[in-house]
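Working notes for the structure below.
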Amino acid sequence: MSALNPLAAAVALSVGLADAAPFTLQTAQGQPWSLASVLGKERVLILRNPPFAYLAEVRRQDAALQVRDLRVVALLPPGDARLNGPQTLMLTLLADPGGRVGAQYGRAALIGKDTGIKARYQTFPALNTVAALIDTMPMRRQEQRVRGR
């Protein structure tokens, strides 16, 4: 499989897509978390109601997420047991009452540091697929030159 084939899984890429819709939701601890707090600093993968196994994989790949400045935000039903799962540096678990915020983004959406939606996914994307897409982005290539990783 070529390096570009995983990218075909994205429904749409950056050309002509809108900026991310801002939102503020609560963590399991009742603390507010706002998308605006990370826009422009990190890339964000928003997931609507991801399965436990997917979240476990996100936790295992935390170091790779850090290298790409990729925060994974899981939007879950209030009271869901997954909200109390282990935290990692790049995983944010939020309660999304009624699924209203998640409905705006679909199953999964990747937001770039420029605040634009870079891809929407019909299913939960493999993290290596997301990483491959990020690695093609001009801003990421610049980061690789500057950081050496």
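Each reported figure results from applying straightforward, stated rules to the coordinates on display, with no laboratory input. Being a predicted model, the structure only gives us computed values, none of them experimental. Positions of Cβ are generated from backbone atoms using ideal geometry, with glycine treated the same way; all protein chains shown enter the neighbour counts.
Simple spin-label model, 7 Å along Cα-to-Cβ: E57 to S34 in nm?
In this crude spin-label approximation the distance works out to 3.3 nm.
Would you kindly state how much longer the chain becomes between A81 and N49 on full extension, computed as 0.36 nm times their sequence separation minus their alpha carbon distance, in nm to one decimal?
Working: separation 32, 0.36 × 32 = 11.52 nm, distance 1.17 nm.
Value of the extension gain: 10.4 nm.
Which percent, to the nearest 5, of DSSP beta bridges fully inside region 9-147 are antiparallel?
Details: 14 of 25 bridges.
Percentage antiparallel, nearest 5: 55.
If one computes P(r) from the Cα atoms of region 9-147, what percent of pairs lie at distances over 21 Å?
Working: 3518 of 9591 pairs.
Value for region 9-147 (Cα pairs over 21 Å): 37 percent.
Net charge around L93, counting only other residues with Cβ within less than 15 Å of its Cβ (Lys, Arg = +1; Asp, Glu = -1)?
Numbers: positive: R48, R59, R71, R82; negative: E57, D62, D80, D96.
With Lys, Arg at +1 and Asp, Glu at -1, the net is 0.
At a Förster distance of 22 Å, what's the computed FRET efficiency of Q104 paired with D135, Cβ-Cβ distance as r, to 0.05? Display every interim value, and only then the final one.
Details: r = 27 Å, r/R0 = 1.21.
Result of the calculation: an efficiency of 0.25.
Whole-Hz Karplus ³J(HN,Hα) for region 86-101, in order, using 6.51 cos²θ - 1.76 cosθ + 1.60 and θ = phi - 60°, x for Gly and Pro?
x, 8, 10, 4, 9, 10, 10, 10, 10, 7, 10, x, x, x, 5, 5
Let me have the 222 nm mean residue ellipticity of the chain computed from DSSP H runs of 4+ only, each contributing -39500 (n - 2.57), with the sum over all residues rounded to the nearest 500.
Details: 5 runs with 40 residues, N = 149.
So the helix-based figure for the chain works out to -7000 deg cm²/dmol.
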